[in-house]
Amino acid sequence: MIFRLPKIEKVLFEGRTSRHRQNLSAEGRYRHLRRSLLVTMLLITLIPLAGTSLLSFFQYRQLIRQEAINNLQWHGESTQRSLEVFLDKLKNALVVTANSYPVGDLVQQKNLDRIFTELKNDHRGLVDLSLINPEGIQVAYAGPYNLLGKNYRGSAWYNQALARKVFVSDVFTGYRNVPHFVIAVTKKEPGQNGYWVVRASIDTRTLEDFLASAWAEQIDELFLINQENILQTSSWHWGRTGETFPITFSPIRKGFNLISEQSNNGKVLRAAGAVVGTTWTLVVEQRDNAEQKSWHSFRDQLVIIFVITVLAAGVLIINISNALAAKIRAADEDRELFLKDQEHTNKLASIGRLAAGVAHEINNPLAIINEKAGLLKDILKLTRDFPHHDKFITQLTALESAVERARAITHRLLGFARRMDVSLKSVQLNEIIREVLGFLEKEALYRNIKLELHLLRDLPPIKSDPGQLQQVLLNIINNAIDAIDKDGNIRITTQQLTAGRVQVDIRDDGPGMPHHILQNIFEPFFSTKLGEGHGTGLGLSITYGLVKKLGGEIYVESDEGLGTTFSLVFPIDQQQERG
Amino acid sequence: MAEIKVLIVDDETEFAATLAERLELRRMRTRVAGGADEALAIMGEGWRPDVVLLDLKMPGLDGLQTLTLLKQQDSALEVILVSGHGSTSTGMEGMQKGLFDYLLKPVDIGVVVEKIEQAYLKKTGSAQRGKD
């Protein structure tokens, strides 16, 4: 099994469970961040887009609607005016007839037929012409029906005509049983009481033909209704003459106005205007016209553009959010790594101060023990005949040896605490390695450990502190020798890396280390060396501190049963690197 | 070599007294002082040491301050700092103030004797040169 320890792994103290939990909560935090970014960016992008689209939507719809209403009103008004002119002509012709001829002439069938023929030539749609005496009896009649002698005293139109002098009736069927309307004019005969009535009737088809001629593409249909909402002309949509128009609206006194907009089964614009001189109202309707088709086309295009833009923006924003969240996460992880590194450095510094204090406190009593034992030894040397002389000397020597061991420990503790300035020089790493091996060759020989060197011939010199570099290499190679104990190989390799760095690998074929040891190997006071006189547990911790101080990195890989490799990476020029 | 006079200044009296006794056995003359005041008093009595073994951390004046005062009394005096607390910066500061050497407790008697002799030779050498 190979454990590659990147920077962070070396300083992890948490257990697996807590670390796993931390990862989970961090995962949730970054998911939330990504979601927040996504929602924010979507809102920032889509709100103006939706706003602009809605504004265009409503403005264009309003424009279309206004144009349709204008068209409707324009057509309605022009038809209304034409109808009024048509009826005025008829009314005037009848008034002139009533005023021009005395009753005596009008009752003459021959005269009435002649007058009727003349009027009919000038006014299309005229069906008949008749004269009604003050008793309501039709006394003269020119036309296709047999209506002579009919009594109209009970008819609504007759009474309205007497009251108004000139009257245009609603459409009705009457004695002839055919839909028509009448124009009636009263006539006063000198020396007689009561009013005579000159009456002309017009077929409803005339009105329908008239309205049909006013039809245009921009409108759907035109029809007339009376004050009781009864159709005066037939309608494609609402039925025949005489049926009820179901839409009610306030009476219109002037002009041509919009009366309703229906949205069921498509939009229906409806405008109406009163026909002056009658009880009629002209209604104009428009369903799904050209403007509405243009509107539907615009709306469909707008929706398609909006959907495509939203999809494109969505994809883009998702990618940007993911990239941003990833970058923030990477930055956070770098910061965390830096803080952990700092924490480790601070820990080393604290332990250093503690170590210095402890070393100082121990050194003083140790010095007293040393001096006392030394004095006793001195005295014994002067008194050779002292009983058990040799035994005392042996015991005191053991005491001094113990003091020496304790001294070695306290001095190493002080060395750990010492904060020496780094003195940078141009250093040949290969030479430093050879110098260090000079110290250890005898030890290696004694233990039958073979030292193999694979040093890059053209390795560039690095800027470093030779003393501290020696210390680092000495510690690691010493550890390798201790790990092998007897009969083995240590291979030392140097190589140049890209980006101005060099690397030294120190590989031993010792027993290797399990994961739990590897995780703690750079911790202060962590030691794997068992037994008396072995290891303060500060060697690799000091080494780690020194390597960091020299601007380098240290990595360790270990295969249990196969060996361990320490890798040191140093910058060629650490000042430039830091700068 | 003539008898070397050594003044041991250390608040650890057990250490100072024992070391003094051992140096006496090596034919040196010694006096022990528990701090700067006692050391100055001894010198004030007219007892002039050749070499002073001086502790760094003491109550009252510390080793470096005491070194300054001793050097004011006798500039030819050679002083060796013997301390349980090792610090390169302290050593460097001491050297600037005329310290002969710097030893870390516990010390090997052989090393102490060797350093005292070196200091003495330096002192007497410089004294000799002063006479020449």
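Throughout, read-outs are computed from the coordinates displayed, never taken from laboratory work. Keep in mind it's a predicted model, so treat the numbers as computed, not measured. Glycine gets a Cβ as well: all are built from the backbone with ideal geometry, and neighbour counts include every protein chain shown.
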Query - Over chain A: helical MRE at 222 nm, DSSP H runs n ≥ 4 each giving -39500 (n - 2.57), nearest 500 - result: -18500 deg cm²/dmol
Query raised in the report: Which of the lysines could a cross-linker span from A:Lys110 if the Cα-Cα distance has to be under 17 Å and same-chain partners fewer than 8 positions apart are dropped?
Result: A:Lys120
Report task. Just tell me which lysines come within less than 16 Å, Cα to Cα, of A:Lys442; anything on the same chain fewer than 8 places away is out. Result -> A:Lys450, A:Lys486
**Report entry** Reachable aspartates and glutamates from A:Lys150, criterion Cα separation under 12 angstrom, eight or more residues apart if same chain
**Finding:** A:Glu135
**Report entry** Estimated inter-spin distance, A:Leu148 and A:Lys381, nm [label 7 Å along Cα→Cβ]
**Finding:** 18.0
Query raised in the report: Can you put A:His411, B:His85, A:His515 in order, fewest other beta carbons within 10 Å first?
Result: A:His515, A:His411, B:His85
Query raised in the report: How well do other chains shield peptide A:400-406, expressed as the mean number of their Cβ atoms within 10 Å of each residue Cβ?
Result: 1
Query raised in the report: Using every alpha carbon pair in region A:101-208, what percent of pairs falls into each 10 Å bin from 0 up to the bin containing the largest distance?
Result: 15, 51, 31, 3, 0
Query raised in the report: So for region A:101-208, taking the charge dipole from beta-carbon charges (+1 Lys/Arg, -1 Asp/Glu), which of A:His123, A:Val166, A:Gln109 sits furthest toward the positive end?
Result: A:Val166
Report summary line: Of the candidates A:Val182, B:Ala76, A:Phe210, the farthest towards the positive dipole end of the protein assembly as shown (Lys/Arg Cβ +1, Asp/Glu Cβ -1, centred on the Cα centre) is A:Val182
Query raised in the report: Fewest first, what order do A:His360, A:His123 take by the number of other Cβ atoms within 10 Å?
Result: A:His123, A:His360
Query raised in the report: To the nearest 0.05, how large is the calculated FRET efficiency for A:Leu445 and A:Arg405 if R₀ is 25 Å and r is the Cβ-Cβ distance?
Result: 0.50
Query raised in the report: To the nearest 20 debye, what is the magnitude of the charge dipole of chain A about its Cα centre, counting +1 on the Cβ of each Lys and Arg and -1 on the Cβ of each Asp and Glu?
Result: 1120
Query raised in the report: For chain A, list the DSSP H helices whose alpha carbon atoms reach 18 Å or more along the long axis and whose average Kyte-Doolittle value is 0.0 or above?
Result: A:290-382, A:389-417, A:429-446, A:466-484
**Report entry** Label-to-label distance, nm, for residues given as A:Lys327 and A:Gln496 (7 Å Cα→Cβ offset)
**Finding:** 3.5
**Report entry** Magnitude of the charge dipole, region B:4-131, Cβ model with Lys/Arg +1 and Asp/Glu -1, debye to 20
**Finding:** 640
Query - Beta bridges per DSSP with both ends in the protein assembly as shown, % antiparallel, nearest 5 - result: 75
Requested in this report: Give me the net charge of A:Asn151's neighbourhood, meaning all other residues with Cβ under 14 Å from the Cβ of A:Asn151; Lys, Arg count +1, Asp, Glu -1.
Outcome: +2
Report summary line: Neighbour-count ranking for A:Ser464, A:Ser235 (other C-beta within 10 angstrom, fewest to most) reads A:Ser235, A:Ser464
